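The values are calculated or read from the model by the stated rules, or taken from the named source; none is laboratory data. Because the structure is predicted, anything quoted here is derived from the model rather than measured. Heads up, the Cβs are rebuilt from the backbone with ideal geometry, glycines too, and the neighbour counts pull from every protein chain shown.
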Amino acid sequence: MASILVENGTLTPGFIQFIVALTTLLMVIRFGLDALRHRSRGNVTQIVLATLDTVTHTMITYSLGIMQHRSATTSYYQLWAVLLVTLRYSVKIGRPAGIAMKQTPLFDLMSSFWAAHILRSHSVSMLLKVPGWLLWSINSARIIHGFISSADASNVHRENMRLLTDYMRHEHTTTVQVQRPDPSSMKGYRYLVLGEGKKLKKRELAEQGVDGVETTEAINRILLALLTDENNIDQELVTLERIWSHQGRCSHDGCQCNLPPGCCDILDQKTKDLCLSFALYKLLRRRFFNLPIHEARLQKTRRLVVYGILGEGDAANYKRAFRVSEAEVAFLNDFFNSRYAIIFAQGFPWIRLVLSTLLIGGISSVAVAVYRFSKSAKEDELGRVHIHHGVYFTWVILSLLGAKEIWEMTTYVFSDWTKVLLLCKFVEQPWWMRCWVGNLARALMRMLLCSPPLFRRWHGKVGQFNLLFSRHSSIHLSQQVKEAVVDSLRNSVRQNLVLNNYLEQAISKNSLRIRLVRPSDNQEQEQAPQNSQADGGHRVSVEWLQDSQKKSVEWQLQDDVHTLLVWHIATCYCELKLAETRNVGANYTWLSWRGFGCRRRPSDADNPWRPHYLVSRTLSQYCAYLLWLVPPLLPGNSLMAKAVITQVYRERNRLLGRRVYLPFSWCTSTTKVLDKLETYRSGEIQLFADEAGNANTTILRKGAELGMGLITAARSADSEALWKFLSDFWAGFVVHLAESTKASQHKMYLTAGGELSTHLWALLSHAGYLGATPHGDQTSDTVLQQLQPYNPDVQL
């Protein structure tokens, strides 16, 4: 082993090449994971990325150290030092987790100086040294430019958010505002898409006051002037109203925009929706920085979501609603977890594109130099094999580096950020469409705008977790689930309902013979308007008739974790009864993401209860999955939530005979699990009576009792009314959870593209539903009173 690693007191060339190859491989793996991290739904990718960032940091330091020794006479070592430092800076896409933004460029710059020292202090052939210095110079320029642009971008984003907040304070007060904004044509929606940074900063510098009060007043005057001056907006600010009205001015029979035929079709519905997503993303950022949401109490805000995004209940509008939210959450993910927001903060990154082009030229020159050096060595020093050691490996590194730069340039050009900039430039200054290059420009624009995203904006999956069987997986979000959730959200926003009245709404919309019962001292709250705040913290119960006797299950209304667990167990119980009714049995191997209640009988695919069953099962297990996450993506205290679910695990394990963490050590068949639940529900089994004396109040027993009550009220487990009620309940409950969860919790799961709950939360935020989470999030209590009167009883 010593002869392989060390020879004559120095490290062997083979070992040094192995270390460099391993470092290169780790950086390539990190690059691939970083580029695809939004498609991963777990925390494993984030942990691996953080680990790889630390490991590659150490490996590069060690590699530079072993290649700087005087005994390292191979000429390619000095070139490898430059290539490693260049590759290390090149493969970074996202912001490194847990590392300060200013610390990373400093390490890159110091590593670059170290590589320059190695290149300078060793005798290297001029054939390799000149292109090596050229490559080092270009990479150093990239590092310095990246450091400066990152600092400037942070200031730009901070200033733009402040200016946007002040702008939205006055956006609805303009004198040119229409009497009733129209979400379909965006008339009256002057939400900023682009141009506020340059325009508003210019006006602020021209009219800023002496002290803070005068400066604020000057900014307000500037904003009001911008809003009331139609000419200024047409010249420098790009708003949703302007983008939507741009196509409306061009008929091409008597075209008034002076554009050639074929120009205006560039602004089709999908491209305009991308601008809508970008404008909404800029508004949504304020929630993460506790900035006031001035427009939250305006009726036009709700109308935008109901009629401008969700539309009517058809397949095209369901698809469009998720397309808008997916692009918006993707922009938000880029803002927090990638460098795109920094790169595009001040427009298209022309300088970075030029530097990448120069770097490709430098890589090409190094490749040519390596080829010539290897040829000359063969001619001059035949038999000196150590001189040729590493030629092919050097070409491999150069190929990887060149491919990465080409990929980076492609992502710049075909990113959604570039599309938004290009569309806004087209609306703002379409002069280049009128000149002799107009036809070519239109062709290039169509090619760019019609190109699909390089990566999917969202994985389109929802997690699933079955509490009874401890099975978790992920499935693609079906069209039925999308329709159920969007319909629930649309109806709630349109009727201005309080979202935590999901149970009352599900009961009122269905014919299931159950009744919601409240304590007598809260009867007056039952008579209150449905828009008033929901019940404080009292207990409620669901009541039904069984054998001419009233039965009920009671739980804490405002405790979302208890509500989730009780109704999840009830839904699982109904599913097990459905499998029994249809004579379907399944064991452990079948219980993953498949609906075992629907097994057998393919001819039953058209049964009316089937789509409602699939929606209920998917959303029930998705809510359990949100509780299973670490930390849970639910409102409330995560420690308390984990304590509750731990107790439920303990109860389940005792009931099903689970002793160790082995899947086959307990009941795995649907029939056996149902039998256990039946005997536990009937009181034949007592699990905790000797400990707490409250055997009848456990969550598992409540869930089984509630499930039995629902089946009794529906008269059968395969009743359409039963599964229709459960689908309406779970759709409303998911929307309620999305509204009530903090922005900081949604931020934690943005790296994976966001959960379904995150997309619903974004739509609810734009509709004025800001939840009731007082810690670190915008709430309705901090929304400033608007000049337009707000009537909560008005339906849209």
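Exactly one residue out of 94, 42, 98 is at positive phi, part of a loop (DSSP other than H, G, I, E, B) and either modelled with pLDDT under 75 or within 27 Å of the chain's Cα centre (by Cα) (or both), and it is 98.
Among the residues of region 396-405, is any at pLDDT 90 or above, of a type in the set (Val, Ile, Thr), within 20 Å of residue 129 (Cβ to Cβ) and in a helix (DSSP H, G or I)? Taking every residue of region 396-405 in turn, at least one turns out to be at pLDDT 90 or above, of a type in the set (Val, Ile, Thr), within 20 Å of residue 129 (Cβ to Cβ) and in a helix (DSSP H, G or I).
Are any residues in region 725-755 small (Gly, Ala, Ser) and either without any contact (Cβ under 8 Å) to a residue 12 or more places away in the chain or on the phi < 0 side of the Ramachandran plot (or both), and if so, which ones? Passing the criteria: 727, 731, 732, 738, 740, 743, 744, 752. Selection of region 113-146 for residues being small (Gly, Ala, Ser) and in contact with a Leu (Cβ under 8 Å, 6 or more places away or on another chain) yields 115, 132, 140, 141. In this structure, does residue 366 turn out to be farther than 17 Å from residue 766 by Cα, among the hydrophobic types (A, V, I, L, M, F, W, C) and buried (at least 22 other Cβ atoms within 10 Å of the Cβ)? In short, yes.
Among the residues of region 172-194, the one identified as under 30 Å from the mean Cα position of the chain (by Cα) and modelled with pLDDT under 80 is 172.
Out of curiosity, is residue 742 modelled with pLDDT of 90 or more, surrounded by 20 or more Cβ atoms within 10 Å (Cβ to Cβ) and more than 23 Å from residue 483 (Cα to Cα)? Here the answer is yes, as residue 742 does meet what is asked. Would you confirm whether or not region 253-264 contains a residue that is surrounded by fewer than 20 Cβ atoms within 10 Å (Cβ to Cβ) and at pLDDT 70 or above? Taking every residue of region 253-264 in turn, none turns out to be surrounded by fewer than 20 Cβ atoms within 10 Å (Cβ to Cβ) and at pLDDT 70 or above.
So, restricting to helices (runs of 4 or more DSSP H) that lie completely within region 291-357, which ones have at least 1 residues that are charged (D, E, K, R)?
The helices (runs of 4 or more DSSP H) meeting that bar are 299-303, 315-337.
For the subset of region 332-352 comprising residues that are within 16 Å of residue 422 (Cα to Cα) and not small (Gly, Ala, Ser), which member is modelled with the lowest pLDDT? Step by step, filter region 332-352, then rank; the result is 346.
If we scan region 409-422, do we find a residue that is more than 29 Å from residue 87 (Cβ to Cβ), modelled with pLDDT of 80 or more and in contact with a strand residue (DSSP E or B) (Cβ under 6 Å, 6 or more places away or on another chain)? No, that holds for no residue. Does residue 505 qualify as being under 25 Å from residue 297 (Cα atoms), at pLDDT below 70, in contact with a Gly (Cβ under 9 Å, 6 or more places away or on another chain) and not in a loop (DSSP other than H, G, I, E, B)? Judged against the criteria, residue 505 is not a match.
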